[in-house]
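> Structure incoming, see below.
The values are calculated or read from the model by the stated rules, or taken from the named source; none is laboratory data. A quick note: this is a predicted structure, and the numbers were derived from the prediction, not measured. FYI the Cβ positions are ideal-geometry reconstructions off the backbone, even for glycines, and counts take in every protein chain you see.
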Number of protein chains: 2
Amino acid sequence: MSRLQQQIKLIKRPVGLPTNEDFEFIEAPIEEPSEGEVLVRTVYISVDPYLRGRMNDVKSYIPPFKLNSVITSGVIAQVVESKSPKFEKNDIVIGSLGWQHYSVAKESEIRKVDANIAPASAYLSVLGMTGLTAYFGLLDIGQPKEGETVVVSGAAGAVGSIVGQIAKIKGANVIGIAGSDEKVKYLIEELGFDAAINYKTENVKMALNKACPNGIDVYFENVGGEIADAVFPLLNKFARIPVCGAISAYNSESIDIGPRVQSYLIKTSSLMKGFTVGDYGSRFQEGTEVLAGWLQEGKLKYEETVTEGFDQTIDAFLDLFEGRNIGKAVVKVSEIE
Amino acid sequence: MSRLQQQIKLIKRPVGLPTNEDFEFIEAPIEEPSEGEVLVRTVYISVDPYLRGRMNDVKSYIPPFKLNSVITSGVIAQVVESKSPKFEKNDIVIGSLGWQHYSVAKESEIRKVDANIAPASAYLSVLGMTGLTAYFGLLDIGQPKEGETVVVSGAAGAVGSIVGQIAKIKGANVIGIAGSDEKVKYLIEELGFDAAINYKTENVKMALNKACPNGIDVYFENVGGEIADAVFPLLNKFARIPVCGAISAYNSESIDIGPRVQSYLIKTSSLMKGFTVGDYGSRFQEGTEVLAGWLQEGKLKYEETVTEGFDQTIDAFLDLFEGRNIGKAVVKVSEIE
């Protein structure tokens with residue numbers, strides 16, 4: 001007789017902002033690992049804006065979630081039972097695993113994390129996908145130079161907060177755009193941003209004009225919509241725009257309409273490039289090492305918004321679209337033993 | 001007593017589509033060349049869509065025209081009197097010169113063209129700015145590979161017609177978008193495009209879907225607006241979009257609004273880059289040599305729409321926005337002697 005556990009399945013394609021009715025908590029047996037597999041207990045679940053896109057049934061850079069299947073995302077877990085020579089009981093591992101208490105993973109689907117460098121959850125943020133996203137998007141596409149002006153939207157989020165700090169390491173003048181006075185204060189006082197704008201209370205166009213007297217050389221795009229619209233008229237010649245996210249549009253039920261960008265790009269010979277971290281798969285090792293080095297030197301700080309309890313997973317995910325998180329949003333499901 | 005000649009000045013900033021009232025034909029004396037200068041007689045005047053932008057009083061990649069000054073553009077001229085050791089009477093030269101019958105140019109402002117390689121007017125098109133624009137935009141930003149699908153808007157224009165032919169030289173599958181059945185026929189039958197779409201009579205989205213069963217790898221943007229909107233949903237992973245022009249917006253009196261592109265760029269990791277030919281100034285020699293080689297090998301054809309008579313210059317310019325030209329639009333002002 002297998003023990004039972006809880007899982008979260010997507011049961012409806014959300015229309016607009018997802019609701020609790022789009023998901024179902026169900027009970028299912030804990031599977032047994034076969035040869036070459038490992039049974040792990042979920043410790044942290046990563047909740048990320050990009051998961052919203054996977055809930056739609058459209059072609060994108062990763063396939064959509066299947067209806068009535070367990071949702072997957074980045075997960076930190078602890079090995080309970082190993083039938084692989086590569087893992088031992090109590091190893092801390094990371095992988096793209098299901099939203100459930102226990103998972104059986106093939107040995108190729110997970111890798112060990114070194115909890116001596118940073119707490120395990122950091123492998124979901126600064127030393128994981130969001131840190132690497134910031135690292136490659138900013139440095140490979142944005143290429144900030146000393147003294148240039150870098151603007152980051154979604155600046156207090158998991159990616160944006162790392163982007164701004166890396167831009168500071170590279171000697172740029174960094175302006176963050178975020179959605180609360182608390183976040184603005186955090187960006188300036190904790191992370192060393194040169195300025196930050198609360199888009200909910202300030203006129204972004206006027207505030208950017210004031211904060212960027214020399215124009216904008218790099219705009220790291222996490223948000224899209226009217227915040228992006230305010231950036232384009234301020235681009236300098238040969239500006240670069242890494243396009244990482246457009247969270248303002250993820251729940252839109254209509255086509256996202258705004259000023260077309262072609263004329264701005266021509267006038268300034270600017271570059272705009274979409275990317276996902278997977279494009280840099282062959283360089284993850286390099287990125288992780290550099291990020292870990294900065295972290296250990298104290299040049300990089302990271303924040304987490306930790307929601308306690310598996311039953312809060314959906315709420316933690318929905319909070320992303322309310323901008324409730326500072327830094328990386330994770331759900332703590334169990335303790336490391 | 002100096003002889004008199006006609007000049008064309010910009011006397012009003014056009015609102016929307018320019019009209020004859022924005023320009024004035026005036027009489028002015030023909031100047032005398034000083035030491036190091038040359039008096040030239042205008043042979044061909046280049047009329048180009050980008051000149052519309054210079055008529056607005058806004059910062060761009062080149063300064064706006066001054067009100068009540070003679071308009072300038074690319075001009076082919078013949079030397080009448082030289083006070084420079086670098087030029088002799090009857091030399092054929094090119095430079096950015098005024099819209100007038102005679103100009104005095106400093107020796108540094110003009111250069112000789114070799115009429116043995118191609119007729120002089122070709123230095124305003126395939127061997128000049130528009131050819132180089134096509135060359136660098138397509139090859140440096142678009143980077144078409146054999147077997148890829150390249151879509152060109154404004155395909156029968158001075159730039160687009162060269163872009164499509166270079167893409168064919170590189171082994172791509174080339175689809176042109178243009179505004180008449182005559183142009184569509186010209187693209188397919190004369191220039192060897194694989195397919196062409198008349199955006200005035202066809203549903204561009206459906207026609208593109210049919211013509212691009214493998215998606216779009218390169219979109220060379222000359223037009224913007226709804227034609228561009230139809231391209232974005234068909235972009236392949238790692239698509240490239242050289243943004244050269246957005247003629248559909250040049251005369252717009254309101255902000256040019258359409259679907260925001262961020263999500264399309266993220267889903268496909270696509271690149272969009274504005275440019276102007278001046279960005280490649282250090283490589284003009286290379287570009288001109290390659291283009292001249294293709295021309296002489298018969299791999300590159302070019303067409304001109306020649307309007308006869310200086311008094312027709314404004315009409316020839318305005319015809320660009322009606323899409324009346326095939327290939328390069330030039331005004332023939334005088335004969336080469």
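> Only residues that are part of a loop (DSSP other than H, G, I, E, B) and in contact with a Gly (Cβ under 9 Å, 6 or more places away or on another chain): list them for segment B:54-84, please.
Narrowing segment B:54-84 to residues part of a loop (DSSP other than H, G, I, E, B): B:55-68, B:71, B:83-84.
If the condition is that a residue be part of a loop (DSSP other than H, G, I, E, B) and in contact with a Gly (Cβ under 9 Å, 6 or more places away or on another chain), then B:Ser60, B:Tyr61, B:Ile62, B:Pro64, B:Ile71, B:Lys83, B:Ser84 are the ones that fit.
> Any idea how many residues of segment B:214-240 are within 30 Å of B:Phe317 (Cα to Cα), at the interface with another protein chain (Cβ under 9 Å from one of its Cβ atoms) and part of a strand (DSSP E or B)?
The qualifying residues number 1.
> Would you confirm whether any residue within segment B:58-78 is surrounded by 21 or more Cβ atoms within 10 Å (Cβ to Cβ), over 17 Å from the mean Cα position of the chain (by Cα) and at negative phi?
yes
> Right, another one. Being within 17 Å of A:Val104 (Cβ to Cβ) and touching a residue at least 40 places away in the same chain (Cβ under 8 Å) is the filter here, so list the residues in segment A:10-31 that pass it.
The answer is A:Ala28, A:Ile30, A:Glu31.
> Oh, and also: Please enumerate the residues belonging to segment A:88-105 that are out of contact with any Gly (no Cβ under 9 Å at 6 or more places or on another chain), surrounded by fewer than 21 Cβ atoms within 10 Å (Cβ to Cβ) and of a type outside the set (Val, Ile, Thr).
Matches in segment A:88-105: A:Glu88, A:Lys89, A:Asn90, A:Asp91, A:His101.
> What strands (runs of 3 or more DSSP E) lie completely within segment A:100-161 and have 2 or more residues being farther than 22 Å from A:Ala172 by Cβ and either without any contact (Cβ under 8 Å) to a residue 40 or more places away in the chain or among the acidic types (Asp, Glu) (or both)? Even if it seems obvious, please write down each step before you answer.
Working: elements: A:102-106, A:110-112, A:149-153.
Once the strands (runs of 3 or more DSSP E) in segment A:100-161 are filtered for at least 2 residues that are farther than 22 Å from A:Ala172 by Cβ and either without any contact (Cβ under 8 Å) to a residue 40 or more places away in the chain or among the acidic types (Asp, Glu) (or both), what remains is A:110-112.
> Can we say B:Thr305 is in a strand (DSSP E or B), within 30 Å of B:Tyr44 (Cβ to Cβ) and more than 10 Å from chain A (Cβ to nearest Cβ)? Don't jump to the end; show me each part of the working.
Numbers: in a strand (DSSP E or B): yes; within 30 Å of B:Tyr44 (Cβ to Cβ): yes; more than 10 Å from chain A (Cβ to nearest Cβ): yes.
When the stated conditions are applied, B:Thr305 passes them.
> Ok, one more. Could you please find all residues in segment B:250-264 being facing chain A (nearest Cβ under 7 Å) and either surrounded by fewer than 23 Cβ atoms within 10 Å (Cβ to Cβ) or free of Cβ contacts under 8 Å to residues at least 12 places away in the same chain (or both)?
Looking only at segment B:250-264, we keep the residues that are facing chain A (nearest Cβ under 7 Å), and these are B:255-263.
The answer is B:Ile255, B:Asp256, B:Ile257, B:Gly258, B:Pro259, B:Arg260, B:Gln262, B:Ser263.
> On to the next question. Against the definition (within 21 Å of B:Ile241 (Cα to Cα) and facing chain B (nearest Cβ under 9 Å)), how does A:Ala246 come out, yes or no? Steps first, please.
Details: within 21 Å of B:Ile241 (Cα to Cα): yes; facing chain B (nearest Cβ under 9 Å): yes.
Taking the combined requirement at face value, the residue satisfies it.
> Within the group B:Ala167, B:Ala178, B:Ala172, which residue is closer than 19 Å to B:Leu291 by Cα, modelled with pLDDT of 95 or more and surrounded by 24 or more Cβ atoms within 10 Å (Cβ to Cβ)? Before you say what the answer is, go through the steps one by one.
Numbers: B:Ala178 fails: closer than 19 Å to B:Leu291 by Cα; B:Ala172 fails: surrounded by 24 or more Cβ atoms within 10 Å (Cβ to Cβ).
It is B:Ala167.
> Then there's this: For segment A:265-298, which positions are at the interface with another protein chain (Cβ under 8 Å from one of its Cβ atoms) and in a helix (DSSP H, G or I)?
Of segment A:265-298, the ones at the interface with another protein chain (Cβ under 8 Å from one of its Cβ atoms) are A:265-276, A:279.
Of everything in segment A:265-298, those that are at the interface with another protein chain (Cβ under 8 Å from one of its Cβ atoms) and in a helix (DSSP H, G or I) turn out to be A:Leu265, A:Ile266, A:Lys267, A:Thr268, A:Asp279.
> Consider only pairs whose beta carbons are under 9 Å apart and that are at least six residues apart or on different chains; among these, list those whose first residue lies in segment A:282-305 and is under 12 Å from A:Ile117 (Cβ atoms) and not assigned by TED's automatic domain parsing to the domain that holds A:Lys112 and whose second residue is assigned to a strand (DSSP E or B) and of a type outside the set (S, T, N, Q).
Listed pairs, sorted by first residue: none to list.
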